[in-house]
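The next block holds one structure in the form of structure tokens; read it before the comments.
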Amino acid sequence: MIRDAAPAEGQSCDVLVIGGGIFGACAAYEAASRGLRVVLVERDDFAGATTANSYKIAHGGIRYLQHGDVARVRESSHERSALLRTVPHLVSPLPILIPTYGRGMKGKAVLRTGFKVYEWLTADRNRGIDDPARRIPAARSLSRAETLQRFPDLPSDGLTGGVVFCDGQMYSTPRIALTYLQSAAAAGAVVLNYAEVVSLNVEEGRVRGAVVDDRVDGRHMTIRADLVLNAAGPWAGGLLRTAADLDLGPERPVFSRDVGLVTRKKLPGSLGLACPTVTRDAEALVDRGGRHLFLLPWRDYTLVGVWHGPWSGSPERVSVEPNELAAYVAEANEAYPGLGLQTSDVAMVNTGLILYGAADESSSEHHFGHDSLLLDHGPRHGLEGLVTLVGVRSTMARGMAEQAIDLVLEKLGRPPVPSDTETRPVWGGDFDVFDALVHRVTAAAPEEAPFSPGVARQIAHNHGSRFSDVTEIVHDDPRLAVPYPGTSVLPAQVVHAVRSEMARSLEDVLQRRTDLGTAEAPSEPVLAAVADDVAREAGWDEPRTRDEIAAARDFFAERGATREFGHAPAEGAA
Ligand SMILES: Cc1cc2nc3c(=O)[nH]c(=O)nc-3n(C[C@H](O)[C@H](O)[C@H](O)COP(=O)(O)OP(=O)(O)OC[C@H]3O[C@@H](n4cnc5c(N)ncnc54)[C@H](O)[C@@H]3O)c2cc1C
């Protein structure tokens, strides 16, 4: 992907997608792969907002069984399978233990029955998934002794054992969005980061495109489009107000602030743990006594979360206060004392807004958002040529994009074109077995600079079957094959990010193109070395490089609990 605004400016396209989070990325891919001329604009970097803050579960829908919602169980499982099939380098099954207590609703019999029903409802979940390591197995029971062997510090009073089930886990949510964008670009879409929609062009009651601020060269450009798809996530409602003078009133989306923690504490093994907490799920038909807090192994870290709370402030100001963080850490320790978590163990706080299930944000009970929002503003608000898509879970992005583009084709008066995105591998997803891919990456290293197993795996995860994009750079210059100290990331990946993945800032490289800053702040020597490599590739002078380093430090200070944290005062914090 080379950033080039020229093909978008002044030209007419079929669909202009606003927002380069996972929903916009999937929509652009879906539209381009069905033959539409697409432009996508993202005002900051791709996937930099809610998408980067995800807790990384590819939800298979087991929770909806508790709500008696079979359609959603099926839909979630379907989308998790699509991810495991088409984005196999970045999504894999993760086994999670649910401890069982007593003989009642928290007991093993109820849980086993639940999983039996789930497995029956999702019997097709492994269809078309060739790699055995990407298939979701049936849940299995553990005895009390086996459970305590795996998690010796579980509260043992009344413990009867546990049930291990698998859900999907995403290796990197920004790279999943990027892989959809690369697929869209390969299918002909023009995708631009740092391009902000400032107004929509409305002619005779119909949206005809948008005025876009190109934040790279400071120009205003007009992009003409037969249809505009607003995928601006938590900003979607505000955008309609400011750019199209459209107030959704009571239909406006209501959001909750979600929080997940990346911690340096390690779980005792490779299993995740679902711990019951005191907070109840207001909608559960089968109430097992409190919702679950998840402790999940992810790379070299443990993810802890997720906390939900109503939010009425602006999306710009979403943050977590130090006292809230302390409360989360205390709740995590109560749920699993063995973790012994302290706020100083928190490497990064992920937070953002997601659609809330309640009609207003003052509701005190937990209502998980279930439905994504797909709004055709023609019949609803008399404004043709405009559709809004706000998604509830990144797991559902591909499926919702498919529905949105069905609607777009209909609105454009085009014949229906079937979607193939649930089976066609994305950019980098075209391989059979992940472990064999890792061998191929290892074999592609230059003789004078062999890859360690960790480096080869990391490249396979991030670049999938497109690993040669990196190894070719390494062959040209083997010095770029030596990982940054204490990491498995190669300078060649940084060069590739700037050259071919539209990274424009140091933060883009650290947080969204490589593993260098997705879990915690890189060390100062790594920060300096990466900044030098980016500067050389992008042609930055010294002052620019210094500014970039300062901006990156600021970001990590705001998100890392070990330093001063939570700069922005929370507005209407939960
Ligand atoms: C803490 C947390 C944990 C989560 N965990 C999970 C999980 O485990 N599994 C799961 O499936 N989902 C999870 N989610 C939900 C998931 O992350 C979201 O559903 C998803 O990322 C939403 O994507 P999006 O594209 O709609 O929004 P965003 O990622 O916010 O993208 C919207 C984009 O629009 C851009 N934009 C806004 N205004 C303009 C404009 N004027 N012009 C151009 N661009 C504009 C923004 O810059 C932004 O990049 C979690 C969310 C949070 C916050």
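The values are calculated or read from the model by the stated rules, or taken from the named source; none is laboratory data. These figures come from a predicted structure and were not determined experimentally. Glycine gets a Cβ as well: all are built from the backbone with ideal geometry, and neighbour counts include every protein chain shown. Surface areas here come from the heavy atoms of the whole protein model, side chains and all, with no ligands, DNA or RNA. Shrake-Rupley method; radii C 1.70, N 1.55, O 1.52, S 1.80 Å.
Below, the figures for the structure above:
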read-out: Reach of Lys116 by Cα under 19 Å, taken over lysines that are not fewer than 8 positions away in the same chain; value: Lys106, Lys108
read-out: Accessible-area composition of the chain, carbon plus sulfur, in percent [1.4 Å probe]; value: 50
read-out: For Gly20, distant residues with modelled amide H under 5 Å away; value: Arg43, Ala47
read-out: Counting DSSP beta bridges with both ends in the chain, the antiparallel % (nearest 5); value: 75
read-out: Percent of Cα pairs exceeding the 31 Å cut-off, where the set is the chain; value: 48
read-out: 3J(HN,Hα) from dihedral phi, the stretch 27-33, Karplus parametrisation 6.51/-1.76/1.60, rounded to Hz, x for glycine, proline; value: 5, 5, 5, 4, 5, 5, 6
read-out: Under the Karplus curve 6.51 cos²θ - 1.76 cosθ + 1.60, θ = phi - 60°, whole-Hz ³J(HN,Hα) for the stretch 140-146, x wherever Gly or Pro sits; value: 9, 8, 10, 6, 4, 5, 5
read-out: The stretch 1-128: translational diffusion in µm²/s, Stokes-Einstein, Kirkwood Rh over Cα pairs, 4 °C, 1.567 mPa s; value: 73
read-out: DSSP-assigned coil residues among trypsin sites (Lys or Arg not before Pro) in the stretch 459-562, each with at most 15 further Cβ atoms within 10 Å; value: none
read-out: Ser143 paired with Asp4, simple spin-label distance in nm, labels 7 Å along Cα-to-beta-carbon; value: 6.6
read-out: Whether the stretch 61-106 is rounded, prolate or oblate, judged on the alpha carbon gyration tensor where a/c under 1.5 counts as rounded; value: oblate
read-out: Accessible surface of Thr242 - all protein chains present, 1.4 Å probe, nearest 10 Å²; value: 110
read-out: Rounded, prolate or oblate (a/c below 1.5 giving rounded, otherwise prolate when a/b exceeds b/c) for the stretch 373-477 by Cα gyration tensor; value: prolate
read-out: Between the stretch 124-160 and the stretch 301-348, the alpha-carbon center distance in angstrom; value: 26
read-out: Nonlocal amide H pairs with Gly161, under 5 Å, H built at 1.01 Å; value: Thr100
read-out: DSSP loop GluC sites (Glu not before Pro) with at most 12 other Cβ within 10 Å excluded, longest remaining stretch of the chain; value: 1-203
read-out: Residue-normalised accessible area of the chain, expressed per residue, 1.4 Å probe, Å²; value: 39
read-out: HN-Hα J in Hz across the stretch 91-106 - Karplus 6.51, -1.76, 1.60, θ = phi - 60°, x for Gly and Pro; value: 9, 8, x, 10, x, 10, 9, 10, x, 10, 10, x, 10, x, 5, 8
